[in-house]
1. Check whether at least one residue in region 12-21 is assigned to a helix (DSSP H, G or I) and surrounded by fewer than 16 Cβ atoms within 10 Å (Cβ to Cβ), and report yes or no.
2. Looking only at region 22-40, count every residue that is surrounded by 13 or more Cβ atoms within 10 Å (Cβ to Cβ), among the aliphatic types (A, V, I, L, M) and either in contact with a helix residue (DSSP H, G or I) (Cβ under 6 Å, 6 or more places away or on another chain) or assigned to a helix (DSSP H, G or I) (or both) and tell me the total.
3. For region 52-79, which residues satisfy the criterion of being in a helix (DSSP H, G or I), within 21 Å of C21 (Cα to Cα) and more than 13 Å from the chain's Cα centre (by Cα)?
Amino acid sequence: MTSSTWSSESARPLLGCGVDCESAHRFEALLAREEHPLPAVFTAAEVAFARSLEDPARALCASFCAKEALAQALGGPFD
């Protein structure tokens, strides 16, 4: 295992670091079969925006990974 040391010039402490990886193909399947995939994760506006992009599955995948990594860093769900 490799560990890293993080530093910041912020007056606030670093709460944590989260990492998440997913396959964009998973989101292709979700978008194909559901109008609003993962409603507990994505708002209708997020899904609409992703669908407007060239690669909506990649957009939702990136958003999902960012949200999951933030939840890991904070140690739980967030609003």
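Every read-out reported here was derived from the displayed coordinates using simple, explicitly stated rules and does not represent laboratory data. Everything quoted here is computed from the prediction, not taken from an experiment. Neighbour counts run over all protein chains shown; Cβ positions are idealised from the backbone, glycine included.
1. No, that holds for no residue.
2. So the answer is 3.
3. P56, L74
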